[in-house]
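Worksheet: the structure to be examined is printed underneath.
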Amino acid sequence: MRLGLISLGCDKNTVDSERMLAELIGHGAERTDVDEAEVILVNTCGFIDAAKEESIETILEAERLKREGACRSVVAVGCMVERYREEMAESLPEVDLLLGLRDLDRLVPELLERGLLPGPTPAGGVHPGERIPVGARHVRYLKVSEGCNHGCAFCAIPLWRGKHRSFDLERLVAEAQRLEAQGAVEVNLVAQDLAHWGREQRDGTDIATLVEALLRETSIPWFRLLYIYSAGLREPLVELMASETRLLSYIDMPIQHASDTVLHRMRRPERAATLRSKVARLRETIPELTLRTTVLVGFPGETDAEFRELVDFLDEVPFDRLGAFAFSPQEGTRAATMEENFVPPDLARDRLEEVLEVQRAVSRERLAAEIGRERVAVVDAPAAPDEPTLELLYEHSPGAAHLGRIESQADDVDGVTVLVGGNGLAPGSLVRVEIQRAADFDLGGRVRGVVRPAPGRGKAVPSPAPQPGRELPVLGLDSAWGR
């Protein structure tokens, strides 16, 4: 069976997609381009309106390929299906199978029953619980927990992902070892809030315990922390980041706002003074720290004065990286009931543009300060001759170039570094680069040497022995991936 997989949404969805892909290949599927696929599998996202629209548009395109191309079956799974299964079944009749998060263990049996999978193929070499990358092999994500306990007023994720459950330390270490065996150079730890990992044990186990184990039991050169609330940034983790070079000096700490009244209405745990103090402490303790955050504008009732508090805070406490989005009401959340206080969409968009413009200036200044410095970068891919970033940073292309990222640039969200002067570098190589150019969000530099060649080049790397447990990430309370 020729399988076309489209993974939408967050990095946690990517992890689920990689597990599904491995399980399907283990039962006889062969991954191919969507245009040539017999089965198109769409892993949907239902976080905000824009994500839902993207999911629907992707499914409609898959349905077109079913009518006009080689596709025999369209399958939609994941977050959006979990929330809107009945509505999707009624409005998208050409979708052959809809599976929510709690039903993913039915994916393989359903496809087998429909005659779309030939069955287990030992020659495929896919172990239970293994993941096959849907993107680059050298940049991977390790989901350490499922669900969330925070109950923010605007967020529907707990409604379909459930309460927080940490994954077992031994399983996570074994999974990281498998990622390393597959060629991972950078592993990004992800969860709804990394700081909650291990707290169920009530014995002092926390995210620092997990990071220490990952550093001890693997040789992966880069670990990065994504999605951690400031309240969870305790001293053991901060000290570990300050002392361990393999744990990158990078924290993704979503604040969402900086007006105490808005934070209260959002049901967020932090306040502006706490955030200000935490940022100061982090920058004092961790050399060369890169801080990324996310903010939400246009929350119901947000006044001009409250919005100005946010802008003033971002001027006073600038973040190196920032993502922003405008509020959209999500069914089932507290914020969705605040209709009388909704901020007009046009005003919310204006506020969003202002925040992004403020961050553009901050980013431009921070990146300009990199010029003349030598950094370590990971090579992601060769740069195409018409790559816009290449032309932006180097008016006259200096020949072969690659796209990569220095330690302060997270995959997919923080811009890139154009690498020139290094011919034939394989993705996953770590190189020394002298920064020569800077734009609003991207850098350019000349390769001065190779720090670490791409792993496994020219030879197959075996996977460690598989761990027992359910193969697909089912969210029921009996899930082998949760506690």
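The values are calculated or read from the model by the stated rules, or taken from the named source; none is laboratory data. As the structure is a computational prediction, the values presented were derived from the model and not from experiment. Virtual Cβ from ideal backbone geometry, glycine too; neighbours counted across all protein chains shown. The accessibility values were calculated without ligands, DNA or RNA, using every heavy atom of the protein model including side chains. Shrake-Rupley method; radii C 1.70, N 1.55, O 1.52, S 1.80 Å.
What separates the Cα centres of segment 342-411 and segment 244-291 is a distance of 22 Å. Remark: spin-label model distance Arg308-Asn423 equals 6.0 nm, labels positioned 7 Å along the Cα→Cβ axis. Take the Cβ-Cβ distance between Arg366 and Glu36 as r, set R0 to 51 Å, and report the resulting FRET efficiency rounded to the nearest 0.05. Plugging the Cβ-Cβ distance into 1/(1 + (r/R0)^6) gives 0.70.
Shown is the FRET efficiency for Glu340 and Arg283, computed with R0 = 41 Å from the Cβ-Cβ distance and rounded to the nearest 0.05: 0.50.
Beyond 26 Å between alpha-carbons counts as too far, so tell me which of Lys52/Lys278; Lys12/Lys163; Lys52/Lys163; Lys66/Lys163 fall in that bin. Walk me through the intermediate numbers first.
Numbers: Lys52/Lys278 34 Å; Lys12/Lys163 15 Å; Lys52/Lys163 22 Å; Lys66/Lys163 37 Å.
Violating the 26 Å Cα-Cα cut-off are Lys52/Lys278; Lys66/Lys163.
Determine the relative contact order of the chain: mean sequence separation of Cα pairs under 8 Å and six or more apart, normalised by residue count, in whole percent. Please report the intermediate quantities before stating the final value.
Values: 978 pairs, mean separation 66.5, N = 483.
Once normalised by length, the contact order is 14 percent.
Rolling a 1.4 Å probe over the protein heavy atoms gives the chain an accessible area of 42 Å² per residue.
Can you give the calculated 222 nm mean residue ellipticity of the chain, where each DSSP H run of n ≥ 4 adds -39,500 (n - 2.57) and the sum is split over every residue, rounded to the nearest 500 deg cm²/dmol? Value at 222 nm, helices only: -10000 deg cm²/dmol. Distance distribution note for the chain: the fraction of Cα pairs above 29 angstrom is 53%. Considering every alpha-carbon pair of segment 1-119, the percent of pairs per 5 Å bin, from zero through the bin containing the longest distance, is 2, 12, 24, 27, 22, 11, 2, 0. Counted over segment 267-311 with a bin width of 10 Å, the fraction of Cα pairs per bin, in whole percents, is 20, 47, 26, 7. For Lys143, a cut-off of 12 angstrom between C-alpha atoms picks up these aspartates and glutamates, skipping any fewer than 8 places away in its own chain: Asp11, Asp16, Glu18, Asp168, Glu175, Asp193.
Ignoring GluC sites (Glu not before Pro) that are buried or in helix or strand per DSSP, and keeping those with at most 14 other beta carbon atoms within 10 Å, what is the longest stretch of the chain between them? If you can, show how the numbers build up before the last one.
Numbers: sites that count: Glu94, Glu244, Glu288, Glu331, Glu395.
Longest site-free region, per DSSP loop and neighbour criteria: 95-243.
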